């Protein structure tokens with residue numbers, strides 16, 4: 001008998017943050033930061049412009065590297081200039097162990113959680129570890 005107990009997988013839905021900031025890519029970085037309400041996600045989702053478009057993402061780390069470190073004025077840089085697009089979304093029913101492997105494979109720190117073409121949250125390594133593995137999290 002193996003010493004691995006069978007346990008129910010922890011799903012992305014159980015550990016994700018549901019509140020995300022979705023912004024227009026034409027906003028300046030300064031405007032987008034002013035609109036940002038959920039700083040704990042450390043990211044902004046860039047809205048699709050039409051049905052055939054894809055979502056984008058801007059991490060606060062991207063703004064630090066591409067705006068702050070290069071001494072560019074946040075009032076003169078548009079969100080679309082610093083975003084990553086298309087963004088790799090994850091399914092809310094995915095086991096967090098597979099989500100962590102996906103993040104590792106693609107060098108991600110966080111990703112939007114997609115149900116069909118709709119964003120229902122955002123998940124990060126931190127969410128998976130603190131909410132999925134830590135005593136007192138959803139898995140305990």
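The values are calculated or read from the model by the stated rules, or taken from the named source; none is laboratory data. The model shown is predicted, which means the values in this text are computed figures rather than measured ones. Positions of Cβ are generated from backbone atoms using ideal geometry, with glycine treated the same way; all protein chains shown enter the neighbour counts.
Residue-by-condition table, conditions (1) free of Cβ contacts under 8 Å to residues at least 24 places away in the same chain; (2) in contact with a helix residue (DSSP H, G or I) (Cβ under 6 Å, 6 or more places away or on another chain):
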position	(1), (2)
90	no, yes
95	no, no
106	yes, no
111	no, no
115	no, no
Which of the residues belonging to segment 80-112 are within 16 Å of the chain's Cα centre (by Cα) and farther than 30 Å from residue 133 by Cβ?
82, 83, 85
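Residues checked against (1) closer than 21 Å to residue 36 by Cα; (2) modelled with pLDDT of 95 or more; (3) crowded, with 18+ Cβ neighbours inside 10 Å:
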site	(1), (2), (3)
63	yes, yes, yes
66	yes, yes, no
71	no, yes, no
75	yes, yes, no
80	yes, yes, no
83	yes, yes, yes
93	no, yes, no
97	no, yes, no
102	no, yes, no
Odd one out for residue 128 among (1) outside any loop (DSSP other than H, G, I, E, B); (2) surrounded by fewer than 19 Cβ atoms within 10 Å (Cβ to Cβ):
(2)
